[in-house]
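First the structure, in the form of structure tokens, and then the observations on it.
The values are calculated or read from the model by the stated rules, or taken from the named source; none is laboratory data. Since the model is a prediction, treat every value here as computed from it, not as a measurement. Here the Cβ is made from the backbone with ideal geometry for all residues, glycine too, and neighbour counts use every protein chain on show. When the accessible area is computed, the model is the full protein with side chains, heavy atoms only, and any ligands, DNA or RNA have been set aside. Shrake-Rupley method; radii C 1.70, N 1.55, O 1.52, S 1.80 Å.
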Amino acid sequence: MANAIAAIEALADVIIANKEKLTELDAAIGDADHGINMTRGFEAVRSKLAAVEQLKDIGSVLKLVGMTLISTVGGASGPLYGTAFIRAAAVAQGKTVIDIDMAAQMFEAAIGGIKDRGKAVRGEKTMLDALEPAYEAFTQEMVKGESLTGCLTLATAAAASGVEYTKTIIATKGRASYLGERSIGHQDPGATSSYLILATLTAFAI
Ligand code: ADP
Ligand code: MG
Ligand code: MG
């Protein structure tokens, strides 16, 4: 439990530390607010976590994160990440530790939430281009018997490749789609924040 809260606090730190970078990426192909949106959301998450006395399980922590992101972020990323955390929360309901099977289920549920909410598929230059290859790498390592940290490490590497891949494709969802071919050559801000989130969670899967 303490570990789950520490992981969320670390997520907030990393997002806030990357506020300028995420905003710059969004300036090139969107409306220059992704870092600002995510920072607003995670600052609210941090203060809510500090204010809540008792969170009885990991599901409650993740539900609080998801609800807070939805209500504070504004922008497409808020409902998308918010839904992802709420879906992962449902898997973690009543749990105080995360094992590898549960982590896989949470990951799958989170991606399912993003797809239900945003109706995007892989290859449209969104956060899914980091998350879906990461999930595939995770499950591939899992069946080989890798540890949770091992699986997350490979997943993070796949997310990094996914971020690189977003530079090569045209955006067909979200604001960047207004640019059409001019979106080529630019890295997707949401894929980048997804990579940062995975990289941070990897450090906590001890
Ligand atoms: P907005 O575009 O409303 O200003 P943000 O800038 O915070 O919101 O977030 C933009 C990011 O959201 C994009 O870089 C992309 O990764 C992601 N995104 C946008 N639309 C979708 C969608 N339909 N499905 C998945 N991700 C999306
Ligand atoms: Mg934006
Ligand atoms: Mg916006």
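Here is how the numbers come out for the structure above:
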| read-out | value |
| --- | --- |
| Members of region 164-181 found to be away from ligand 1 (no atom under 14 Å from the Cβ) and either open to solvent by less than 50 Å² (accessible area, probe 1.4 Å) or touching a residue at least 12 places away in the same chain (Cβ under 8 Å) (or both), listed by number | 164, 168, 180 |
| Members of region 98-130 found to be more than 26 Å from residue 28 (Cβ to Cβ) and not aliphatic (A, V, I, L, M), listed by number | 99, 101, 105, 107, 108, 112, 113, 116 |
| Criterion violated by residue 122 - all others in (1) outside any loop (DSSP other than H, G, I, E, B); (2) under 30 Å from residue 173 (Cα atoms); (3) more than 16 Å from ligand 3 (Cβ to nearest atom); (4) open to solvent by 50 Å² or more (accessible area, probe 1.4 Å) satisfied | (1) |
| Sole residue being touching a residue at least 60 places away in the same chain (Cβ under 8 Å) and either within 30 Å of residue 182 (Cα to Cα) or not charged (D, E, K, R) (or both), chosen from 64, 25, 69 | 25 |
| Subset of region 42-63 [open to solvent by 70 Å² or more (accessible area, probe 1.4 Å) and within 15 Å of ligand 1 (Cβ to nearest atom)] | 43 |
| Any hit, region 99-112, residues being more than 25 Å from residue 57 (Cα to Cα), modelled with pLDDT of 95 or more and part of a helix (DSSP H, G or I) | no |
| Selection count where residues are surrounded by 23 or more Cβ atoms within 10 Å (Cβ to Cβ) and at positive phi, scope region 182-200 | 0 |
| Positions within region 26-41 being open to solvent by 10 Å² or more (accessible area, probe 1.4 Å), more than 6 Å from ligand 1 (Cβ to nearest atom) and in contact with a Gly (Cβ under 8 Å, 6 or more places away or on another chain), in sequence order | 40 |
| Checklist (1) more than 24 Å from residue 171 (Cβ to Cβ); (2) within 16 Å of ligand 2 (Cβ to nearest atom) applied to residue 100, failing item | (2) |
| Given (1) in a helix (DSSP H, G or I); (2) charged (D, E, K, R); (3) touching a residue at least 24 places away in the same chain (Cβ under 8 Å); (4) more than 30 Å from residue 32 (Cα to Cα), number of the condition residue 136 does not satisfy | (3) |
| Any chance residue 161 is of a type in the set (S, T, N, Q), modelled with pLDDT under 95 and surrounded by fewer than 24 Cβ atoms within 10 Å (Cβ to Cβ) | no |
| Only one of 109, 104, 90 that is more than 16 Å from ligand 1 (Cβ to nearest atom) and either closer than 25 Å to residue 192 by Cβ or of a type in the set (S, T, N, Q) (or both) | 104 |
| Qualifying residue in region 64-85 (condition: open to solvent by 30 Å² or more (accessible area, probe 1.4 Å) and among the polar types (S, T, N, Q)) | yes |
